[in-house]
Structures are given as structure tokens and as C-alpha cells.
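Heads up: the structure comes next, in C-alpha cells.
The values are calculated or read from the model by the stated rules, or taken from the named source; none is laboratory data. Keep in mind that what you see is a predicted model, and the values were worked out from it rather than measured. Here Cβ is always computed from backbone atoms with ideal geometry, including for glycine, and neighbour counts include all displayed protein chains.
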Amino acid sequence: MSIQSDLLTTATNEWKRWGFSSAPVQGPKSIGGRESEQPYVQFVNDYWVTVGKPARNGKSPYPWSAAFISFCFKTAAAGTGFPYSESHWGYCQAILARPRSYPKLELMTPASSSLSVGDLLWAARGGPDCPTPPDSYDGAIRALRAGNWFCSHADLVVELRDGEVDVIGGNVSDSVTRSSYKTANGKIRDPRHAWLAVIRNGL
């Protein structure tokens, strides 16, 4: 039985819980709740509990976007089908290294992979404590195989329209935010990020 409906419901409910934070392709962002404010501080703790870090919350100095993704899959009853991790690198590395353990998840080339609701859209991310990340699918795969950690971010695909995709992710502008990106023929084509992979989700 597919978890897609429950996964979409979980992500959408969290987005609502945070006050409908949005980042459209055109126009300004609209941010509702922020991680350092109550009750959102404790909402972040819900995500950290999923990956075995119950002492952390919205005021902890750690990026929580992967914990949010893990929370969504856990809440949607993915069970052992998803490799829960506190980092996007961690679950992507597990998917690549142990395909028999996660047969319904696959890292796909973003330039040629059509997006589907329930997939994850994975991008490189910089930062003061981050090594230089890869800027392509091939570079990301090489880094994963070599065990070379880098900073990254992924969001859950929740809606596709002509020329655009909507995704929901955590720790985007310190909130759970619904962002829109440009597509062409259902494939990501937005130049604002270095897209590393589409994580095809067949769970």
C-alpha cells in the first residue's frame, strides 16, 4: 500500500501548523512561524525526536531540514523503507550504498527525471561550516561513494503545475515553507540552486 497520500497530508499539515510560510517564484516570501519562537521551538523538537536527538529543538544550532523529512516519512508509516537521518547526505548515502534495503528509493539525474508528487528534490547548500559541495548529480554520487560529507537540502514535491513545482521543506527561512521552482516539461529547471538529484519515491 502506497504512503504517498499520508506523506502529502503530513507535510501539508506541518506547513499549516507553521502558518503557511510560502516562497513563490514571483513576489516576496511570506513567513509565518519561526524556529526560535514558541510554539515552533517545540515543533522542531518533534522532528529531532524522529532521528534520535530528543534534546534538540528550534533554538539548537543545528539545521533540521533532514529531521523534518524523516519526520514526514515516519509519520506517513514508511517504516523501515526510509533511512531516517539527521542529514540529507546521510539518507542519500544509505539509499545509494544499500539498494536492497531501500529498493523503493532511487537517486535520479535531475536534468532528465520528471518529477512526481512524493519525490524529494535534493540540492547543494553552502555555509560557513560547509565544505565545497558538488554542483552536479555525478559529483554528488562520487562524493557519496567516497564518504565525503557535504551540506545539502531537500524538499518534498507536493504539487506540479505547468512550468512550476511546489515543494515543502523544513528549515527554509527558519520555518516549514512551501516553495515554488521553475520546471520545463515536468523537470526541474530553476537556476537558483545546484540540483543534485531527484530522489524517486516508490514507497
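Within region 163-203, the only residue that satisfies the criterion of being buried (at least 16 other Cβ atoms within 10 Å of the Cβ), out of contact with any helix residue (DSSP H, G or I) (no Cβ under 9 Å at 6 or more places or on another chain), closer than 20 Å to residue 126 by Cα and of a type in the set (D, E, K, R) is 190. Are any of the residues in region 15-30 touching a residue at least 24 places away in the same chain (Cβ under 8 Å), farther than 21 Å from residue 73 by Cα, surrounded by 18 or more Cβ atoms within 10 Å (Cβ to Cβ) and not acidic (Asp, Glu)? Looking through region 15-30, at least one residue is touching a residue at least 24 places away in the same chain (Cβ under 8 Å), farther than 21 Å from residue 73 by Cα, surrounded by 18 or more Cβ atoms within 10 Å (Cβ to Cβ) and not acidic (Asp, Glu).
Can residue 114 be described as touching a strand residue (DSSP E or B) at 6+ places or on another chain (Cβ under 7 Å), assigned to a loop (DSSP other than H, G, I, E, B) and surrounded by fewer than 21 Cβ atoms within 10 Å (Cβ to Cβ)? Against the criterion (touching a strand residue (DSSP E or B) at 6+ places or on another chain (Cβ under 7 Å), assigned to a loop (DSSP other than H, G, I, E, B) and surrounded by fewer than 21 Cβ atoms within 10 Å (Cβ to Cβ)), residue 114 qualifies.
When you look at residue 101, is it over 20 Å from residue 196 (Cβ atoms) and either hydroxyl-bearing (Ser, Thr, Tyr) or part of a helix (DSSP H, G or I) (or both), yes or no? Judged against the criteria, residue 101 is a match.
Just the residues that are in a loop (DSSP other than H, G, I, E, B) and surrounded by 20 or more Cβ atoms within 10 Å (Cβ to Cβ), please, taken from region 64-84.
Of region 64-84, the ones in a loop (DSSP other than H, G, I, E, B) are 64, 76-78, 82-84.
Correct list: 64, 76, 78, 82.
In this structure, does residue 176 turn out to be in contact (Cβ under 8 Å) with a residue 24 or more places away in the chain and touching a Phe, Trp or Tyr at 6+ places or on another chain (Cβ under 8 Å)? The answer is yes for residue 176. When the test is whether a residue is over 22 Å from residue 127 (Cα atoms), at pLDDT 95 or above and not in a helix (DSSP H, G or I), residue 56 does not pass it. From the list 95, 141, the one residue that fits, being touching a residue at least 40 places away in the same chain (Cβ under 8 Å) and crowded, with 19+ Cβ neighbours inside 10 Å, is 95.
Residues that are small (Gly, Ala, Ser) and assigned to a loop (DSSP other than H, G, I, E, B) within region 117-143 comprise 118, 126, 127, 136, listed in sequence order. If only residues of region 98-107 that are in contact with a helix residue (DSSP H, G or I) (Cβ under 8 Å, 6 or more places away or on another chain) and surrounded by fewer than 18 Cβ atoms within 10 Å (Cβ to Cβ) are counted, the one that is farthest from residue 121 (Cα to Cα) is 101.
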